[in-house]
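Asks: What follows is a structure written as structure tokens; I'll ask about it next.
The values are calculated or read from the model by the stated rules, or taken from the named source; none is laboratory data. Quantities reported herein were computed from a predicted structural model and do not represent experimental measurements. All Cβ positions, glycine included, derive from the backbone under ideal geometry; neighbour counts span all protein chains shown.
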Amino acid sequence: MSITRRGLIARSAALFTALCAAQLLLATQAGAQAYPNKPIRLIVNFAAGGTSDVMARAMAKPLSAALGQPVVVENKTGALGAIGAGEVARAAPDGYTILLTTQGSLTEIPVLSPKTPYDPSKSFAPVTLVGEAPLVLFAHPSFPANDMKGLIAYAKTQPQGVNVSVTGSSVKLGVYALAGAAGINVSQIPYPGQGPALTAALGGHTPLALNSSSTALVQHVQAGRLKVLGVGSEGPYKLLPGVPPISQTLPGFTAKFWWGIFAPAGTPPAVVDKLNAAFRRALAEPGVDDLFAANGVSQVATTPAELAAIVTRGLALTRALVKQHQIPQE
């Protein structure tokens, strides 16, 4: 074979490769431009009627208007949210199956349960944050402290630790973080949900609790049946005016619950950007904020890159807490 012939073959192969790449790029761009052309499934990996479900259904109608296609909310529960999240991770990366979930499913459960069937850093394409709410530290009125300083002073007189009710991974890790920052011992008492934990606090059975806010909690506080020692937000929390942030006593401490939207990894960036813009429009619709606020949630929108950074930081924090407190992994 002559050098000239070899050169021609090499150039032909390079040209063929370039043409294939160009065709793939054009096909991808065309698909993104045509998106969406059929209904979109919004998977919520928690039960109907909960805060995540309420948020999803509040956004579904304005999302449909923004995207020009029906947005169908589906609840896929089980395994602490891993069932629904796993289904989205395995879905085609075309923007027609997306996930509304919490930081528990993305930054906590995968660390606490290494057998979780997805990799939070590799299985999803972040779209946007949609909401966040601070955890609230509250107690029965008989509890001998009224604020964080009083709690720390009291806890240091209790060598066995102060009993705190916990529900779910986010609260569990929040209690570990709070105890570590305050230099106190706590004994975590697990409850199967916020309702039972609230009932226990009302009865004084587990007098101290860290949990997400809710209309029921606010009503009990207003009626004097419970008192709040602090909130995990950076500043004042509008549902509990006058309650100081925990960070006033423990500088830099925050404990928040967030909700975000994720697509399967490999979803074209143009599709992710369309979804991001649609969710921003939905959040701006009248009435959506009212439904969020009624559940103690503040609207928050981010870029995909900002949400990716939030997930990365959350994973690092969870790993540090697991190591520091020797939390057993399942």
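Asks: Mind listing whichever residues of the stretch 204-242 are more than 24 Å from the chain's Cα centre (by Cα), free of Cβ contacts under 8 Å to residues at least 60 places away in the same chain and not in a helix (DSSP H, G or I)?
Replies: His205, Thr206, Ala223, Pro241, Gly242
Asks: Looking at Phe253, Phe257, can you tell me which residue is buried (at least 16 other Cβ atoms within 10 Å of the Cβ) and within 30 Å of Arg41 (Cα to Cα)?
Replies: Details: Phe253 fails: within 30 Å of Arg41 (Cα to Cα).
The unique qualifying residue is Phe257.
Asks: Can you confirm whether the stretch 145-164 contains a residue that is of a type outside the set (S, T, N, Q), surrounded by fewer than 23 Cβ atoms within 10 Å (Cβ to Cβ) and touching a Lys or Arg at 6+ places or on another chain (Cβ under 7 Å)?
Replies: no
Asks: Another question about this same structure. If a residue counts only when it is crowded, with 16+ Cβ neighbours inside 10 Å and polar (S, T, N, Q), which helices (runs of 4 or more DSSP H) contained entirely in the stretch 266-329 have at least 1 such residues?
Replies: Values: elements: 269-283, 288-294, 304-325.
The qualifying helices (runs of 4 or more DSSP H) are 269-283, 304-325.
Yes or no, residue by residue, for (1) farther than 30 Å from Gly86 by Cβ; (2) hydrophobic (A, V, I, L, M, F, W, C):
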| position | (1), (2) |
| --- | --- |
| Pro192 | no, no |
| Ala200 | yes, yes |
| Gln222 | yes, no |
| Arg225 | yes, no |
| Ser233 | yes, no |
| Pro236 | yes, no |
| Pro241 | yes, no |
| Thr254 | no, no |
| Gly260 | no, no |
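Asks: Residues being more than 17 Å from Lys274 (Cβ to Cβ) and charged (D, E, K, R): count how many of those fall in the stretch 79-102.
Replies: Number of matching residues: 2.
Asks: Whether any residue in the stretch 66-77 is part of a helix (DSSP H, G or I) and modelled with pLDDT of 95 or more is what I want to check.
Replies: Scanning the stretch 66-77, I find at least one residue that is part of a helix (DSSP H, G or I) and modelled with pLDDT of 95 or more, so the answer is yes.
Asks: Return the pair list, or none, for Cβ contacts closer than 8 Å from residues in the stretch 280-304 that are under 17 Å from Gly50 (Cβ atoms) and in the same structural domain as Leu99 (by TED's automatic domain parsing) to residues that are basic (Lys, Arg) and surrounded by fewer than 19 Cβ atoms within 10 Å (Cβ to Cβ), at least 6 apart or on different chains.
Replies: The qualifying pairs are Ala293/Lys238.
Asks: Do you know which residues across the stretch 227-279 are under 22 Å from Asn211 (Cα atoms) and among the small types (Gly, Ala, Ser)?
Replies: Within the stretch 227-279, Gly230, Gly232, Ser233, Gly235, Gly242, Ser247, Gly252, Ala255, Gly260 qualify.
Asks: Okay, moving on. Of Val111, Val88, which residue is at pLDDT below 95, assigned to a helix (DSSP H, G or I) and outside the structural domain of Leu240 (by TED's automatic domain parsing)?
Replies: One residue alone meets the criteria, Val111.
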